[in-house]
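The values are calculated or read from the model by the stated rules, or taken from the named source; none is laboratory data. Because the structure is a prediction, the values reported are computed rather than measured. As a convention, Cβ positions derive from the backbone with ideal geometry for all residues, glycine included, and neighbour counts pool all protein chains shown.
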Amino acid sequence: MRNASCGIYGCAMTQEEIPALWKNRSYRLLLTGSTAEDVGAAIGAFAVPLVAYGITGSVVQAGAIAFVGQLGAVLVTLPAGVVVDRVDRRRLIVGGGLVAAVVWLSVVVAGVVDGLSVTAPHLAAALFVSSVVGALMDPAGTAALHSVVPAKQMGQAMSVAQGRDAAATLLMGPVGGLLYGMSSVLPFLVSAVGRLVSAGTAALVRQPLNGDLGAAASEHPLTALKEGLRYVVGVPLFRSVLGLFIVVNVVLNGMMIAINLHLVSIGTVPALIGLVNTAVGVGVLAGSVLAGRLIPRVRLGVLTVMALGVGAAATLVMALFPTFWGFVGALTGMMLFAPALNAGLVSYVTAITPAHLQGRTSATLGLTSLVAGPTAPLAGSFLLDGLGIGGALWLFSAAWAVLVVAMLLVRPLWRVGLPDTWVDISPARHA
């Protein structure tokens, strides 16, 4: 029996009756599409600072291009949550993938056709449109998973997603560097192909990816937006950590921007810059293996402090040894607990959020990373320009330490139990 709160499997279905995750055709299709999309996006993202610096010759202007590009996601994030809950998510993923593919193909054409070249406005515009599409597709993808994956398997699904992200990060450096060495726009061709694959696999999913669209459409969009915000604000944990995780993402992404732009500015070859990003991927891949074991056994508060504490220690090492190999070694270890934290948080949010609020909740909480999108490039490039790489890393290290202390003081975070206590318990009791 189906209803809005129990998804497609029904509240009465026991664990033994739930099919294995890998036998779930809809899940496999969505995972294949999101993997292709993530790998393509990661390889394209690797090339962005290199192309931007090549166009402008300035680390600050390269950061400004990234700022403009990511601004679109911030502007549409909250409305995107309403759209995801009111529009057929399959069509949304398919349409968004096609639009993003066309945008990146325009950059490729400009880079390879005689008489044309990629300009700063063109690159910024492509990033802007792509980030708008991403702001719609990310919550749509998360909400779609809620429709095809039972709550008790969500932790496993999120751990797999962390492994997928690790693979994308692992490939972005060597593949991105190789393609960039052949042509500066080839990484963007991979981005376009990834979006096309995502659109194609979503089109093949047969199960409904939404609840009652008629009921959702009958509600005024502003009323729906207010309901989503009211829900997020009403959960003490969400209310307490939203701002802190915005800072976490600004610090992490700003630090990576500073490191990459520093290496570009001193003439490091693309293949070696790719190795730095590969180090991050190795750490995330190892961490994704740990995540499956940690999430069922370690409470969310402990995972948070472990991940941020390792981040503080790794950044301190890089501040003391701001060399290429210092970056590679520290970044590998830095990401070990990040996948468990990410998967644990997403699993918890998905497990306790009603089906009809999945899109709005995912989009609102997605502000933690999307606000960092335009802010981090500016922070990283300005700190690099003003303090040099050493000074910037000392400042980032101090920020990590402050975040660890702040998380220790968030009481709702420490009240969250292990995953087997999440199902069928209200958010108010859980946080």
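Below, the figures for the structure above:
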item: Matching option when the condition is buried (at least 17 other Cβ atoms within 10 Å of the Cβ) and farther than 27 Å from Arg360 by Cα, among Ile55, Ile93; result: Ile55
item: Exclusive hit being surrounded by fewer than 18 Cβ atoms within 10 Å (Cβ to Cβ), touching a Gly at 6+ places or on another chain (Cβ under 9 Å) and either among the hydroxyl-bearing types (Ser, Thr, Tyr) or over 24 Å from Pro412 (Cα atoms) (or both), set Leu261, Leu272; result: Leu272
item: Residue tally, condition surrounded by 21 or more Cβ atoms within 10 Å (Cβ to Cβ) and either in contact with a His (Cβ under 9 Å, 6 or more places away or on another chain) or of a type in the set (Ser, Thr, Tyr) (or both), over the range 159-183; result: 3
item: Qualifying residue in the range 58-67 (condition: at positive phi and not in a helix (DSSP H, G or I)); result: no
item: Single unsatisfied condition, Val76 versus (1) at pLDDT below 80; (2) surrounded by fewer than 17 Cβ atoms within 10 Å (Cβ to Cβ); result: (2)
item: Selected residue [crowded, with 24+ Cβ neighbours inside 10 Å, in contact with a helix residue (DSSP H, G or I) (Cβ under 6 Å, 6 or more places away or on another chain), closer than 30 Å to Arg415 by Cα and not acidic (Asp, Glu)] from Val371, Val346, Val284; result: Val284
item: Leading residue by the ranking (farthest from the chain's Cα centre (by Cα)) among those in the range 315-329 that are crowded, with 23+ Cβ neighbours inside 10 Å and among the hydrophobic types (A, V, I, L, M, F, W, C); result: Met318
item: Residues within the range 110-148 that are out of contact with any Gly (no Cβ under 8 Å at 6 or more places or on another chain), at pLDDT 75 or above and not in a helix (DSSP H, G or I), tallied; result: 2
item: Candidates Val82, Val59, filtered to the one that is touching an Asp or Glu at 6+ places or on another chain (Cβ under 8 Å), more than 17 Å from Leu189 (Cα to Cα) and modelled with pLDDT under 75; result: Val59
item: Filter result for Ala120 (closer than 20 Å to Ala41 by Cα, surrounded by fewer than 18 Cβ atoms within 10 Å (Cβ to Cβ) and either within 17 Å of the chain's Cα centre (by Cα) or of a type in the set (A, V, I, L, M, F, W, C) (or both)); result: yes
item: Of all residues in the range 386-396 being more than 22 Å from the chain's Cα centre (by Cα) and of a type outside the set (A, V, I, L, M), the one that is surrounded by the most Cβ atoms within 10 Å (Cβ to Cβ); result: Trp394
item: The listed residue being under 16 Å from the mean Cα position of the chain (by Cα), among the polar types (S, T, N, Q) and closer than 26 Å to Gly274 by Cα, out of Ser183, Ser191; result: Ser191
